[in-house]
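Some notes on the structure that comes next.
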Amino acid sequence: MRLYNTLTRCEELFTPQRGRQVRMYTCGLTVYAHGHIGNFRTFVCLDVLRRALKYLEGYDVRQVMNYTDVDDRTIVESRKVGLPLREYTDQYISAFQDDVARLGLESVEETPRATDEANLRAMTEMIQALEKNGHTYRSDGSIYFKISTLPQYGLLARLDHDGIKPGARVDSDRYGKEDARDFVLWKATQPGEPTWDFGIGPGRPGWHIECSAMALRLLGGPPIDIHAGGVDLVFPHHENEIAQSEGANSAQFSRFWVHVEHLLMDKGEKMSKSVGNVFTVRDVLEKGHRASALRYVLLSVHYRKQLKFTWDSLAQADEALTRVMDCLARLDTVTRPGAQPEVAKKVETARRGFAEMLAADLNTPGALGVMFELVRAVNAAIDAGEIGTTDVAEVRNAFEYFDRVLGVISVRRTDDSAPPVPVDEIERLLGERKAARSRRDFAEADRIRDELVERGIALEDSAGGTRWKRK
RNA sequence: GGCGCCGUCGCCAAGUGGUAAGGCAGAGGUCUGCAAAACCUCCAUCCCCGGUUCAAAUCCGGGCGGCGCCUCCA
C-alpha cells in the first residue's frame, strides 16, 4: 500500500522491514481527562490503517499505543481531586477503553503506561546511552538533550536550524536550559511530585522519552516500521523522539511517520478548553447520536485533511449508514436460487475498487464511495429480480470484507442491539398491527405504527411482511 | 516573521493532465391502504485573474479567502 511519509513528504510504497510483520507505534492519550473527538479522529484513522495492513495487505501487525500517565497535567489534576497519580489516571484509562469499545477500535497488542517500572527502566537506560554519547547536560538535577549535538535534528519537522524567529512562543527559562530549543529528558524532583530513581537521579520522565523508550523496548529495536499520531505531534514531540532514539542508537528510529490532521469544530477552530468547544465521545452519545455515526464521520474525510465537524454531519452520516443497513436487510427478501453473473461482476469490481482506494494512502472517503456504488447495484438487482441466493452470500461477504476495515457496520449493529423498545414488545405490537391491517382497520394499524415511531422504532411494510428498525 | 495545508453542486466529500465518484438534502415519476424503504429521471465545469499544453479542477505565476505548526496540544 502507498502511504504518505511525513519524513520524506512523499507518498511511498510501504512494506515492513522484517518479513510479514508490521511494527507500529501510535502515540496514545495523556490520561488527565476524557479523550475528545479530535483525539478519536486520530485513533479511528489509525485503527483503519491497522486493519488495512492486516486484512487487505495480509500483514501481521504488532501495534503499541501508550498511555501518558505522568506529566504536568496529570500531576496537577490528580492533586486537585486529592487522588494518588496512579489512581487518578486509572479512571481515565478505563474511560478511554470504554470509548474505544463504543467506537469499535480493535485492541492493540501493547498498551504500556509510562510509569510502569519496566518502561521507566528503559527510559533510564536510553538517557544513560545519550549521556554516554555526549548528547546531554545536567542542570539543577534535570537532564536535557542538547540538540546542537545532533546534526539531523529538525529533519522531520523541516525546521530552520537558525530556529526561532520573533513571533514564535519560546518558553525559555522555565528550567535551566542552555538553548531554548533543548528539551528535558528527566525532570528533577519537585516538592510533592511523584518521583523515581533507577540510576540517573530522582525525578520523572520528560514527555518525549517515554515514547522513544517504549517503542524500542516493545517493538524489538530500530528501525520500527511506522510511528503515528496527530499532526501537532510532528514538532516537537516526534522530532524529539527521533533525536533521543537516534542519539542513543545511531540507527534510524522509524521508517514511516504517519500524521492525522486535526478535527476542527464547526466554525473551523480547534477544540480548546478556553473556547469551550471540547466534546468527548460520551458527549456525542449523550446527545442521542450513534457511535457508528461518529465513526463514519471521522472516516468521511481523508486523514490528511482537516475535518470540520458539525452536528449535522452526524445526522448525515447516520442516514448514509441507514442506507447500507437497509440494503443488507433487503437481501433477506431474495428467494430465487442460484447466481447471476452480473451481480458477481459488480461484487468483484467493488472489492477491487475498495482495496485500491485504501491502498492509495488510506482513501477512506473513496472507499465509502465504492461501498455505496455496490449498494445501488444490489438494490437495483433486487428490484429487477436479477439476483439469486448464491449472489446474496457473495454480497454479504463483500460487505463484511469492507467492514473488517471500516468497522462502521459492526458498530452500527452494536448500537442497535438494544432497541429503545424491548424486542418481544415490538413483536407483540407487530402482531396486533398485522391483525388490524388484515381486517382493514387502518386507523388502528397506523396508531400502533405511530406509537412505535414515537418510541424510536420505524416500520417498513413489504410483500414479505413488516420489518422494524431502530430510528 | 518562518514553514506548510486547503478552497470541487444547498451541505459533506473523492478525483491531481484527457474532459467531474459517493453520501445527505431537494424535484418529478413507479410501487404502497397510507407511510417507509427501494428503483428510475433531474440537479456542478471545480474561489478569481493570467500563463503552459492538442487537452487543466488537476501544472506554473499572481490575487482573494480559510486553517495548522513554530516547544500545552491528537
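The values are calculated or read from the model by the stated rules, or taken from the named source; none is laboratory data. Just so you know, these numbers come straight off a predicted model, no measurement behind them. Here the Cβ positions follow ideal geometry from the backbone for every residue, glycine too, while neighbour counts run over all protein chains shown. Protein only, heavy atoms only, side chains kept; ligands, DNA and RNA dropped before computing areas. Shrake-Rupley method; radii C 1.70, N 1.55, O 1.52, S 1.80 Å.
Scanning segment A:398-456 for residues that are over 16 Å from A:Arg467 (Cβ atoms), acidic (Asp, Glu) and within 30 Å of the chain's Cα centre (by Cα) yields A:Glu400, A:Asp403, A:Asp415.
Among the residues of segment A:274-292, are any within 14 Å of A:Asn39 (Cβ to Cβ), within 7 Å of RNA strand B (Cβ to nearest atom), touching a residue at least 60 places away in the same chain (Cβ under 8 Å) and open to solvent by 30 Å² or more (accessible area, probe 1.4 Å)? No, that holds for no residue. One residue stands out among those in segment A:406-435 that are open to solvent by 30 Å² or more (accessible area, probe 1.4 Å) and in contact (Cβ under 8 Å) with a residue 40 or more places away in the chain: the one that is farthest from A:Asp47 (Cα to Cα), which is A:Pro420.
For (1) aliphatic (A, V, I, L, M); (2) in contact with a strand residue (DSSP E or B) (Cβ under 8 Å, 6 or more places away or on another chain); (3) away from RNA strand B (no atom under 15 Å from the Cβ), each residue gets a yes or a no:
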{"position": "A:Val31", "(1), (2), (3)": "yes, yes, no"}
{"position": "A:Phe43", "(1), (2), (3)": "no, yes, no"}
{"position": "A:Leu49", "(1), (2), (3)": "yes, yes, no"}
{"position": "A:Tyr59", "(1), (2), (3)": "no, yes, yes"}
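Looking only at residues in segment A:247-261 that are buried (at least 21 other Cβ atoms within 10 Å of the Cβ) and outside any strand (DSSP E or B), which one is farthest from RNA strand B (Cβ to nearest atom)? Filtering segment A:247-261 for residues that are buried (at least 21 other Cβ atoms within 10 Å of the Cβ) and outside any strand (DSSP E or B), the one farthest from RNA strand B (Cβ to nearest atom) comes out as A:Ala248.
Of all the residues in segment A:287-317, those that are within 15 Å of the chain's Cα centre (by Cα), among the small types (Gly, Ala, Ser) and within 21 Å of A:Pro420 (Cβ to Cβ) number 3. Residues in segment A:219-242 that are part of a helix (DSSP H, G or I) and either within 11 Å of RNA strand B (Cβ to nearest atom) or open to solvent by 20 Å² or more (accessible area, probe 1.4 Å) (or both): A:Val231, A:Asp232, A:Leu233, A:Val234, A:Phe235, A:Pro236, A:His237, A:His238, A:Glu239, A:Asn240.
Picking from residues in segment A:436-469 that are basic (Lys, Arg) and part of a loop (DSSP other than H, G, I, E, B), the one that is most open to solvent (accessible area, probe 1.4 Å) is A:Arg440. With respect to A:Lys146, is the statement that it is modelled with pLDDT under 95 and in contact with a strand residue (DSSP E or B) (Cβ under 9 Å, 6 or more places away or on another chain) true? It is true that A:Lys146 is modelled with pLDDT under 95 and in contact with a strand residue (DSSP E or B) (Cβ under 9 Å, 6 or more places away or on another chain).
When you scan segment A:85-103, do you find a residue that is open to solvent by less than 20 Å² (accessible area, probe 1.4 Å), at pLDDT 95 or above and not in a helix (DSSP H, G or I), even just one? Yes - at least one qualifying residue is present in segment A:85-103.
Across segment A:340-355, the number of residues qualifying as within 12 Å of RNA strand B (Cβ to nearest atom) and either open to solvent by less than 40 Å² (accessible area, probe 1.4 Å) or at pLDDT 95 or above (or both) comes to 3.
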